[in-house]
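*Asks:* Quick one: the structure is below, and I'll ask about it shortly.
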Amino acid sequence: RGMAAAAVLLLLLLVAGPVPGRAGAGRERRDALREELLLSPLPTGDVAATFQFRTRWDADLQRGAVSHYRLFPKALGRLVAALGVRELHLALTQGFWRTRFWGQPPLQAPAGAELWVWFQPTVTDVDRAWKELSNILSGIFCASLNFIDSTNTVTPTASFKPLGLANGTDHHLLRYAVLPREVVCTENLTPWKKLLPCGSKAGLAVLLKAERLFHSSYHSQAVHIRPVCQDASCLAVSWELRQTLTVVFDIFSSGQGKKDWSLFKMFSRTLTDACPLASQSKVYVDISPKNKEKELLEVTPPPTSVHEAVVQGDKKTYAVYDLLSPSLFNTSRSLNVQLKWKRPQDSSEMPVPVLHAQRYVGGYGLQTGDICTLIYNTHPYRAFPVILLETVPWYLRLYVHTLTIITKGKENKPSYIHYQPAQDRRRPHLLEMLIQLPANSITKITIQFERALLKWTEYPPDPNHGFYVGSSVLSALVPSVIAMKDVDVEQSPLFTSLFPSSDGSSYFVRLYTEPLLVNLPTPDFSMPYNVICLTCTVVAVCYGSFYNLLTRTFHVEEPSRGGLAKRLANVIRKFRGVPPL
């Protein structure tokens, strides 16, 4: 009986689980998941959808003493511990964010693949760790990150600072690389979704349908890992994994021709519940008035609450749908947020962002050319500095003495300049400049280059398509028109907390220009094929004839006329009409 009672007691303990308030419950609260969806109608009539999934874990990954993973992906946790990673930022992007027409994005990334990593000071061989890290990430995300090597890797000195906790900013521990030709497709999205605690089975991730996400004008998925403070005192460190996905749906590519949107029209699905492991699951819809008279956008069903915040210098109003609220799914089993315009939007009143840029290739011929960058500061009365990062491949040989910076017809000398020349087949050019942008001005930066002639084995399979040059990076503290207040990061939306404002008068912006497509002197790769065919034909004909003359044996045979009997037989056959013998 005693053994039976003990077995029943043990079974009850296993079914009941840990008692609230004990150490077991405390261990469960060490990690937390927040998921968030931001729907932003763009001035052109398109809609941008930004997903953010933040997993925060109160654990020391650097010591490698963690053996149990609950919400944090084990593959990334072991990667951080094994290679001494302090911060990791990876973005895979298809398309280009048009800042001039779409405004400032919450998170922008260049076209292709971008990877920049801060390593711990304990890492002795940073280049070796960088190469190993890129190969492992290539396998995790099914991307071509294994093509990252010394020819496309740079070490910036001012453009990329740690976004999390950092004891120092030794730039020798930083590595940055871009693969502008990387194509993003479903095989990259699937492993990205598998890193989510609920996968794509519940919560906001059910909307991530590959068929709809890639039928868009812009698609960008990213992974950000950084150390953050556990609380306001910052006595302990937590690790934050932030998975973001931004997609822009075009009204023309979608075939609607209207500016009315809904979750079902965008994703072919609706929301039914929140992720069971999430402590917060919300949908934000930007309903900020476009003019001072009345709002142009209305949303249905009615939101759970309304949130107001100053985002990127503008006052924004958001309709909030809390998926964890019991009253949200009382009337219907699913949530299908609909956005309707009360009246057609005036396209002539599109707002212009304070900071935007564009880049293009000038010149003619296949010997020399120009790289021109235009930076616009549309602020009416405030000037501010901007850091420009240029990474140019080694086969475009820059002439640094031709660097010119013109603003309002006058020369604009940079306050800081750092240039690292390229080495053929070893490293690219690196150019960083701190430029002051006057108010309401356009700054033009021009530098000349000469095209190199590559070896015939260094050309890609489609050499006439051209060679890609990575995007330029602009980093600036843009002055805000509206004063921003200090808010609690845990209480604010996720799309406002990755780049926190240092003060209430400015906000941080990182922009990317278009990637360039440059043609290089290309040999006629069909000529070797023609030469081989012609040579083989001539050799075959000449050698065959000569070989026949040398090896063939000729015999002379004299024809015999036959005897008398044969002649008589032929005469008889001739009268009978039969062919002769």
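The values are calculated or read from the model by the stated rules, or taken from the named source; none is laboratory data. In this text the structure is predicted, and so the values were computed from the model without any measurement. Virtual Cβ from ideal backbone geometry, glycine too; neighbours counted across all protein chains shown. Accessible surface is based on the protein model in full, side chains and every heavy atom, while ligands, DNA and RNA are left aside. Shrake-Rupley method; radii C 1.70, N 1.55, O 1.52, S 1.80 Å.
*Asks:* Which of rounded, prolate or oblate describes the range 108-199 when judged by the alpha-carbon gyration tensor and an a/c cut-off of 1.5?
*Replies:* Prolate, since a/c reaches 1.5 and a/b exceeds b/c.
*Asks:* First select every other residue whose beta carbon is under 14 angstrom from the beta carbon of ALA476; then total the charges, Lys and Arg +1, Asp and Glu -1.
*Replies:* +2
*Asks:* Simple spin-label model, 7 Å along Cα-to-Cβ: ALA81 to ILE406 in nm?
*Replies:* Distance between label points: 5.8 nm.
*Asks:* Between ILE532 and THR368, what length in nm is gained on full extension when 0.36 nm per residue of separation is reduced by their alpha carbon distance?
*Replies:* Roughly 55.7 nm would be gained on extension.
*Asks:* Further question: At a probe radius of 1.4 Å, what is the per-residue accessible area of ASP58, in Å² to the nearest 10?
*Replies:* Per-residue accessible area (ASP58): approximately 50 Å².
*Asks:* Which angle between 0 and 90 degrees, to the nearest 10, do you get for helix 126-141 versus the longest principal axis of the chain when only C-alpha atoms count?
*Replies:* The two axes meet at around 80 degrees.
*Asks:* Sticking with this one: Quick one: longest stretch of the chain between exposed loop chymotrypsin sites (Phe, Trp or Tyr not before Pro), exposed meaning at most 12 other C-beta atoms within 10 Å and loop per DSSP?
*Replies:* No qualifying site falls inside 1-251, the longest such stretch.
*Asks:* What trypsin sites (Lys or Arg not before Pro) in the range 393-426 are in a loop by DSSP, with at most 15 other Cβ atoms within 10 Å of the Cβ?
*Replies:* LYS408, ARG425, ARG426
*Asks:* Stretched out fully, how many nm does the piece from LYS74 to PHE546 gain, at 0.36 nm a residue minus the Cα gap?
*Replies:* Taking LYS74 through PHE546 to full extension adds about 162.7 nm, to one decimal.
*Asks:* Nearest 10 degrees is fine. How inclined is helix 526-551 to the longest principal axis of the chain, computing both from alpha carbons?
*Replies:* 30
*Asks:* Now for a different question. In the neighborhood of THR373, defined by Cβ-to-Cβ distances under 15 Å, what is the net charge if each Lys or Arg adds +1 and each Asp or Glu adds -1?
*Replies:* -1
*Asks:* At what distance in angstrom do the alpha carbon centres of the range 52-124 and the range 172-236 lie from each other?
*Replies:* 8
*Asks:* How tilted is helix 564-576 with respect to the longest principal axis of the chain? Cα atoms for both, answer in degrees (0 to 90, nearest 10).
*Replies:* Around 70 degrees separate the two axes.
*Asks:* Next question. May I ask you to derive the FRET efficiency for THR553 and LEU581 from their Cβ-Cβ distance with R0 = 30 Å, giving the value to the nearest 0.05?
*Replies:* Efficiency, rounded to the nearest 0.05: 0.50.
*Asks:* Now a separate question. First check a/c for the range 32-341, with a ≥ b ≥ c the square roots of the eigenvalues of its C-alpha gyration tensor; if it is under 1.5, answer rounded, and if not, answer prolate when a/b is larger than b/c or oblate otherwise.
*Replies:* Prolate, because a/c is 1.5 or more and a/b exceeds b/c.
*Asks:* So what's the back-of-envelope 222 nm ellipticity for the chain, counting only DSSP H runs of four-plus at -39500 (n - 2.57) apiece and dividing by all residues, rounded to 500?
*Replies:* Here the helix-only value at 222 nm equals -5500 deg cm²/dmol.
*Asks:* Just to confirm my understanding: which cysteines in the chain have no other cysteine beta carbon less than 4.7 Å from their beta carbon?
*Replies:* So, CYS142, CYS185, CYS372, CYS533, CYS536, CYS542.
*Asks:* Using 1/(1 + (r/R0)^6) with R0 = 22 angstrom and r between the beta carbons of LYS340 and ASP314, what's the FRET efficiency to the nearest 0.05?
*Replies:* Calculated transfer efficiency: 0.45.
*Asks:* Arrange the residues HIS171, HIS465 by how much accessible surface each exposes, largest first, with a 1.4 angstrom probe.
*Replies:* HIS465, HIS171
*Asks:* In square angstrom, what is the accessible area per residue of the chain with a 1.4 angstrom probe?
*Replies:* Solvent-accessible surface per residue comes out at 52 Å².
*Asks:* From the protein chains alone at 1.4 Å, what is the descending order of accessible area for HIS172, HIS219, largest first?
*Replies:* Descending order: HIS172, HIS219.
*Asks:* To continue, here is another question. State, to one decimal in nm, how far the label point of ASP462 lies from the label point of SER268, with both points 7 Å from Cα in the Cβ direction.
*Replies:* Each label point is offset 7 Å from its Cα along the Cβ direction, giving 2.6 nm.
*Asks:* Further, regarding this structure: Return a whole-number percent for the relative contact order of the chain, with Cα pairs under 8 Å and 6 or more residues apart as the contact set.
*Replies:* Reported as a whole number, the value is 14 percent.
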